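Take a look at the structure set out below.
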Amino acid sequence: MTDLLPSVIVETNPQPDAAIIWLHGLGSDGHDFESLVPTLSLSPDLGVRFVFPHAPKRPVTINGGMEMRAWYDIYEMTLERKVDMANIDESYHQIEALIEDQVQQGILADRIIVAGFSQGGVIAYQAMLRTKRTLAGVLALSTYLVNGDAVSESVDCTNGQTPILIHHGSQDPIVAPVLGTQARDLLVSKGFSVSYQSYPMPHSVCPEQVNDISVWLNERLA
């Protein structure tokens, strides 16, 4: 059994029946998106448990080997994005353990959404593609897809019909917008259910986007 990552927990109702596991970006921590919860304007009828895990600390090559919270090591800032797949595999298993923990607490898998920003989105994609649990949805923010050659056809994936919402900033200097559209195009070509929206913003989150996320979450969990 994988040890559970320490996480910030926010519940919108004393008896939640849905969960959103939200993964932060490089160098941040589980508190990064905690303040977003009230702005998401979730229906008062919904009981949602937000799980914001802290990534482990590890040296990051592109930052001079400095140790920080990271889901995996990044070797270079190119469009090819050479990354440490062993770290990504480890992080996937840690998120899978969080999904299983929510199921053990009584939340059905199809009431669980996995969301991720930047590095966290990379792991969110991995969770969607590899878990044997059918999820309620996947939210991929300002991120990219690694190991695309390993992506199977949607008919061969447990989450082949799970709604995927991809958001990206058109002015993103950290994760080039083309990486977001490449992920979209690959997943669409494999038959996955993808929605894509671009916003005039850098590597961040904007109010218009938060409103769109709110609508999507309320629909997914209604």
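Report the local net charge at residue 164: Lys and Arg +1, Asp and Glu -1, summed over other residues whose C-beta lies under 12 Å from its C-beta.
Local net charge: +3.
Given the chain, report the % of alpha carbon pairs whose separation exceeds 33 Å.
8
Hey, could you get me the Stokes-Einstein D for the stretch 44-111, Kirkwood radius over alpha-carbon pairs, 25 °C and 0.890 mPa s, rounded to whole µm² s⁻¹?
It diffuses with D of about 174 µm²/s by this estimate.
For the chain, build the charge dipole from Cβ charges (+1 Lys, Arg; -1 Asp, Glu) around the Cα centre, then report which of 117, 46, 194 sits farthest towards its positive end.
About the Cα centre, the residue reaching furthest to the positive side is 194.
Taking only the alpha carbons of the stretch 129-222, what extent do you get along each of the three principal axes, in Å, biggest first?
Over the stretch 129-222, Cα extents along the principal axes are 35, 34, 18 Å.
In a shell of Cβ-Cβ distance under 13 Å around residue 206, excluding residue 206 itself, what net charge do Lys and Arg (+1) and Asp and Glu (-1) give?
Charge balance near residue 206 sits at -3.
What share of Cα pairs, in percent, lie more than 14 angstrom apart in the stretch 14-58?
So the pairs more than 14 Å apart make up 53 percent of the total in the stretch 14-58.
With +1 on each Lys and Arg Cβ and -1 on each Asp and Glu Cβ, how big is the dipole of the chain about its Cα centre, in debye rounded to the nearest 20?
Dipole magnitude for the chain comes out near 120 debye.
Specify the inter-centroid distance of the stretch 131-165 and the stretch 8-67, based on alpha-carbon positions, in whole Å.
A separation of 20 Å, based on Cα centres.
Would you kindly work out the equivalent ellipsoid of the stretch 175-222 from its C-alpha gyration tensor and give its semi-axes, the square roots of five times the eigenvalues, largest first in whole Å?
Equivalent-ellipsoid dimensions as semi-axes: 20, 18, 6 Å.
Is the shape of the stretch 23-137 rounded, prolate or oblate, going by the alpha carbon gyration tensor and its root eigenvalues a ≥ b ≥ c, with a/c under 1.5 for rounded and a/b larger than b/c for prolate?
Cα axes put the stretch 23-137 in the prolate bin.
Can you compute the modelled spin-label distance between residue 77 and residue 110, with each label point 7 Å from Cα toward Cβ, in nm?
Result: 4.4 nm between the two label points.
Can you give the net charge of the other residues whose Cβ lies under 12 Å from the Cβ of residue 183, counting K and R as +1 and D and E as -1?
+2
What value, in deg cm²/dmol to 500, does the helix sum -39500 (n - 2.57) over DSSP H runs of n ≥ 4 give at 222 nm once divided by the residues of the chain?
Details: 4 runs with 60 residues, N = 222.
Estimated from H runs of four or more residues: -9000 deg cm²/dmol.
Which FRET efficiency, nearest 0.05, do residue 97 and residue 147 yield, Cβ-Cβ r, R0 25 Å?
Details: r = 21 Å, r/R0 = 0.82.
For residue 97 and residue 147, the calculated efficiency is 0.75.
FYI, it's all coordinate maths here, none of it is from the lab. These numbers come from a predicted model, not from an experiment. Positions of Cβ are generated from backbone atoms using ideal geometry, with glycine treated the same way; all protein chains shown enter the neighbour counts.
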